[in-house]
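Beneath this line is the structure, given in structure tokens, with notes to follow.
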Amino acid sequence: MSTLSARALATLLAGWRDAGVAYAALADRIRLLILDGRIATSTRLPAERELAAQLGVSRTTVTAAYAALRDSGYLLSVRGSGSVAQLPARQHVAFDGTYPDLLDLSKATMPAIPQVADAAQAAAAQLPGYLGESGFDAYGLDALREAIADRYAARGLPTSPDQVMVTVGAQNAIALIARTIMGRGDRALIEHPTYPHALDALRTAGARVIPVSVTTDEGWDAAALEQSIQRSSPALGYLMPDNHNPTGRTMPEEQREWLLALAARHGTTIVADETMAELGLDGQPSPLPIAAHGNAILVGSVGKTVWGGLRVGWIRADRTVIQRLARARFSSDLGTPIMEQLVVAHLLRDFDSVLEQRRAYLREGRDRLVRLLHERLPEWTVPHTSGGLTSWVNLGEPVSSQLAIAARNEGLVIAAGPRFGVDGAFERFIRIPFSYSEEHTVRGVDALARAWATVMRYPAAAEVQEDLASIV
């Protein structure tokens, strides 16, 4: 359990006295910090006397604020353990299935690039040369491992093919790493918000997750990172330092070096998800891969850059780690399909041109989404997203799950903010991809605008609808 100092909380509370009765305003600001994930659940808040002294208010004000938070389910006070942040017992709504009659914007994906078909034909011509082999291989084709290694070298990280394992997509890689590196019950550091399927993989491996805040405005909370690693010594830390999903933030170079040094001192293995690492949208130079600053396992794939239908990913790590992962792999899969590996090997030969196509497409999509949201939903806060495929939009009200339900009634499937958090956080946010066509983006924003009007007009009805949906 992490502890938030009075000084750190006072920093997060900047401007809390702007309106209303003092204790109510204080309680409301702390509640929003918990909802937004800035204060992670299971975090111990400072003692009432300490916070009162730091804020320059009476202890009575803080006592009343904490009492209001307890009454509304956002604080649990246990004798001897202090006051701990939590969220009321509510289930968020997540739509993970397929809805053929609905527009599905719950996935951050792009249509395939045209070159996939040509690469598949070239791969088919090569395939006879591999038909005499078994097809079962824990490491991957030599040609593809060499191409991936060359790509890392071009990005400033010298890599040999024996430091690369080819996997069945990035999700397969994350799951394999999690169950190999961690034991059940081990702690795992995650960003908050985070990629939900990675969170699922860590939990399936038995991890006890430790969330650390990432925001569109400030990026990674360095103080929380330091405290979490020093106090918990997590076995593994899962991060997306480049074009983070869903905020779009990129970790500064100096913070990468500092983080890896900190992790090394406490025995924490950093796993960096690089599936969107080369999708910077503003012409900014791509930073060095985080492993250039110290020991880290890198995960990549072509799912976000080429096409989600090509289930090819990879792991870049020290040779001994790759060998350890290979020994553990056959308990879940017997290797990556040969044909798909050959396709990707062809595409990596001219990957810079592929990335330029994708960046141009995403820039156009991002600018379109921002324009449409400003026109149709001006009360929402839409951040400037400098990379990736999504925008992490602040609704201004903790109604993301209600909005997702109302949107489905308008023909749209979209992931509510809590899908990207722990214990129902991020009800004030929604992730909107800008990786879809103009037609689908316009249709999606129109549906969101209609759904928003419904939620704002009938908030009580939406609340009842959410409860019914969670039961069903």
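In table form, for the structure just shown:
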{"item": "Enumeration of residues in region 191-230 that are free of Cβ contacts under 8 Å to residues at least 60 places away in the same chain, among the aliphatic types (A, V, I, L, M) and part of a strand (DSSP E or B)", "result": "Val214"}
{"item": "Single match in Val62, Val57 (criterion: over 26 Å from Thr381 (Cα atoms), surrounded by 20 or more Cβ atoms within 10 Å (Cβ to Cβ) and out of contact with any Phe, Trp or Tyr (no Cβ under 7 Å at 6 or more places or on another chain))", "result": "Val62"}
{"item": "Some residue of region 153-165 being within 24 Å of the chain's Cα centre (by Cα) and surrounded by 20 or more Cβ atoms within 10 Å (Cβ to Cβ)", "result": "yes"}
{"item": "Residue count for region 169-186, restricted to those that are of a type outside the set (S, T, N, Q) and either assigned to a helix (DSSP H, G or I) or surrounded by 21 or more Cβ atoms within 10 Å (Cβ to Cβ) (or both)", "result": "10"}
{"item": "Failed criterion for Tyr99 (all others in (1) under 26 Å from His440 (Cβ atoms); (2) at pLDDT 95 or above hold)", "result": "(2)"}
{"item": "Residue that is modelled with the highest pLDDT, among those in region 14-25 that are closer than 24 Å to Leu76 by Cβ and either in contact with a Leu (Cβ under 7 Å, 6 or more places away or on another chain) or open to solvent by 50 Å² or more (accessible area, probe 1.4 Å) (or both)", "result": "Tyr23"}
{"item": "Residues of region 253-267 satisfying the condition of being of a type outside the set (Gly, Ala, Ser) and buried (at least 23 other Cβ atoms within 10 Å of the Cβ)", "result": "Arg256, Leu259"}
{"item": "Entirely in region 302-397, the helices (runs of 4 or more DSSP H) that have 3 or more residues that are of a type in the set (Asp, Glu)", "result": "351-376"}
{"item": "The one condition in (1) under 23 Å from Ala178 (Cβ atoms); (2) assigned to a loop (DSSP other than H, G, I, E, B); (3) free of Cβ contacts under 8 Å to residues at least 60 places away in the same chain; (4) in contact with a Lys or Arg (Cβ under 8 Å, 6 or more places away or on another chain) that Pro287 fails to fulfil", "result": "(1)"}
{"item": "Counted residues, region 131-152 - those being open to solvent by 50 Å² or more (accessible area, probe 1.4 Å) and either of a type outside the set (Phe, Trp, Tyr) or part of a helix (DSSP H, G or I) (or both)", "result": "9"}
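Residue-wise test of (1) under 25 Å from Ala235 (Cβ atoms); (2) at pLDDT 95 or above; (3) of a type in the set (D, E, K, R).
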{"residue": "Ala122", "(1), (2), (3)": "no, yes, no"}
{"residue": "Gly135", "(1), (2), (3)": "no, no, no"}
{"residue": "Ile148", "(1), (2), (3)": "no, yes, no"}
{"residue": "Val164", "(1), (2), (3)": "yes, yes, no"}
{"residue": "Leu176", "(1), (2), (3)": "yes, yes, no"}
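For every residue, the table says whether it meets (1) under 23 Å from the mean Cα position of the chain (by Cα); (2) open to solvent by less than 70 Å² (accessible area, probe 1.4 Å); (3) at pLDDT 95 or above.
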position: Phe426; (1), (2), (3): yes, yes, no
position: Arg431; (1), (2), (3): yes, yes, yes
position: Ser435; (1), (2), (3): yes, yes, yes
position: Glu438; (1), (2), (3): no, no, yes
position: Thr441; (1), (2), (3): yes, yes, yes
position: Ala453; (1), (2), (3): no, yes, yes
position: Arg457; (1), (2), (3): no, no, no
position: Leu468; (1), (2), (3): no, no, no
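The values are calculated or read from the model by the stated rules, or taken from the named source; none is laboratory data. Keep in mind that this is a model prediction, so the values were computed, not measured. Ideal geometry is used to build each Cβ from the backbone, glycine not excepted, and the neighbour counts take in all protein chains shown. Note: areas computed on protein heavy atoms with side chains; ligands, DNA, RNA excluded. Shrake-Rupley method; radii C 1.70, N 1.55, O 1.52, S 1.80 Å.
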